[in-house]
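The values are calculated or read from the model by the stated rules, or taken from the named source; none is laboratory data. Remember, it's a predicted structure, so these values are computed and weren't measured experimentally. A quick note on method: Cβ atoms are made from the backbone with ideal geometry, for glycine too, and the neighbour counts reach across all protein chains shown. The protein model used for the area step is the full one, side chains on, heavy atoms only, and it has no ligands, DNA or RNA in it. Shrake-Rupley method; radii C 1.70, N 1.55, O 1.52, S 1.80 Å.
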Amino acid sequence: MQSSSQDPPYRRIVEELRVRILSGDLRSGERMPSIRQIAQRWGVAIATATKVIAALRDEGLVVARVGAGTVVAARASHQQPEPGHLPKQALSRTHVLRTAIAIADTEGLGAVSMRRLAAELGVGPMSLYRHVANKNELVTQMVDEVFGEPELPTPGPEGWRAKLELVSRRQWELGRRHIWLPRAISFTRPLLVPNMMAHTEWTLRALDGLGLPITVRIREALTLHALVVTVALSMADEVEAEQESGVTLTRWWLEQRHRSEELLDSGRFPLLATIPRETVSDLDGLFEYSLARHLDGFAVLLEERTGADT
């Protein structure tokens, strides 16, 4: 199937990758470029790159392999089953969860369903109910699986501040790696899963010996977590906006350039006019700034308590 210049961008990318797969340039089992890599290499939106992978998967050219992402499908002449289509007896809780997480990572939490997951694994939907009761339980177990990824050292670095920085940055990396994660977390109805609880327990231990009551320590642990989740939600919103609109953040700013210049050149906002545009969209920088200023404030609290006790 040949593509024309009138084809949508994703079809032209699909054709290029299809040729590489069928020619053997991309071999069976070889990892495909990620959605973000496709978006960067071809200069398209995340939504367009997502369509590329979905089209190749629908054609049977690629499959999701647990722990490896999307790979070139095995040839029909091979005796081994295609990655992601495991024999029923090989199905395990880990396979189920890692495949569900791979779907959520690339297409969002809304794409995860029992039917879709069963199709990705090559099993009947009823096979999944031996491992999870329903989608709510599936998402809960996905969160638990993800929070088990980072290692929290024992006892960790010296000092309360270094410890709180470590756990916060580990959770920030989780939010970057799994964009859907912040939306699956609740503070009023917390998920009672061991790996997530272990993060809270580790944070509480980091505050041992500071003379703080347990109510202050748990509020600090929850505040740190809320700080991470709040900035991570902005990152998730941006990814979803790209997927829904097909417009990258760079392109969005270009489209808003006339209006922004009109406002900033008016003289009404002299300080805003001096701010580099990249500062506003730098979520990593926003997270680090927020974390540092919060911990500065927590240090003042500790100093005040120490002074009151002397």
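What to note about this one:
- Val231 meets the conditions (1) modelled with pLDDT of 90 or more; (2) open to solvent by 40 Å² or more (accessible area, probe 1.4 Å); (3) closer than 24 Å to Thr50 by Cβ in every case but one. The failed one is (2).
- Among the residues of the stretch 17-38, just one is of a type in the set (D, E, K, R), without any contact (Cβ under 8 Å) to a residue 12 or more places away in the chain and not in a helix (DSSP H, G or I), namely Asp25.
- As a summary of the residue check, Ser5 satisfies the conditions (1) open to solvent by less than 80 Å² (accessible area, probe 1.4 Å); (2) among the small types (Gly, Ala, Ser); (3) modelled with pLDDT under 60 except for the one numbered (1).
- Residue count, the stretch 113-131 (criterion: at negative phi, assigned to a loop (DSSP other than H, G, I, E, B) and in contact (Cβ under 8 Å) with a residue 40 or more places away in the chain): 1
- One residue from Ser234, Ser186, Ser266 being touching a residue at least 24 places away in the same chain (Cβ under 8 Å) and not aliphatic (A, V, I, L, M): Ser234
- Which numbered condition Ile13 misses (of (1) at pLDDT 75 or above; (2) among the β-branched types (Val, Ile, Thr); (3) out of contact with any strand residue (DSSP E or B) (no Cβ under 7 Å at 6 or more places or on another chain); (4) open to solvent by 20 Å² or more (accessible area, probe 1.4 Å)): (4)
- Looking across the stretch 270-281 at every residue that is outside any helix (DSSP H, G or I) and open to solvent by 70 Å² or more (accessible area, probe 1.4 Å), the one that is modelled with the lowest pLDDT is identified as Ile275.
- Within the stretch 237-260, the residues that satisfy the criterion of being more than 21 Å from Ala45 (Cα to Cα) and either at pLDDT below 80 or surrounded by 12 or more Cβ atoms within 10 Å (Cβ to Cβ) (or both) are His258, Ser260.
Yes/no matrix, rows are residues, columns are (1) among the basic types (Lys, Arg); (2) at pLDDT 85 or above; (3) within 24 Å of Ser34 (Cα to Cα):
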site: Pro83; (1), (2), (3): no, no, yes
site: Lys88; (1), (2), (3): yes, no, no
site: Leu97; (1), (2), (3): no, yes, yes
site: Ala102; (1), (2), (3): no, yes, yes
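- Inside the stretch 137-192, residues that are more than 21 Å from Glu220 (Cα to Cα), open to solvent by 70 Å² or more (accessible area, probe 1.4 Å) and at pLDDT 90 or above make up a count of 0.
- Of all residues in the stretch 193-228, those satisfying the criterion of being open to solvent by less than 40 Å² (accessible area, probe 1.4 Å) and of a type in the set (Val, Ile, Thr) are Val193, Thr203, Val216, Val228.
- Residue in the stretch 146-161 that is assigned to a loop (DSSP other than H, G, I, E, B), within 24 Å of Ala100 (Cβ to Cβ) and of a type in the set (Ser, Thr, Tyr) present: no
- Residue satisfying all of: in the stretch 39-53; in contact (Cβ under 8 Å) with a residue 12 or more places away in the chain and over 13 Å from Thr248 (Cα atoms); most open to solvent (accessible area, probe 1.4 Å) among these: Lys51
- The stretch 72-81, subset modelled with pLDDT under 85 and touching a Ser or Thr at 6+ places or on another chain (Cβ under 6 Å), residue farthest from Val123 (Cα to Cα): Arg75
- Qualifying residues in the stretch 104-126 (those that are modelled with pLDDT of 85 or more and open to solvent by less than 30 Å² (accessible area, probe 1.4 Å)) - the one nearest to Asn195 (Cα to Cα): Ala104
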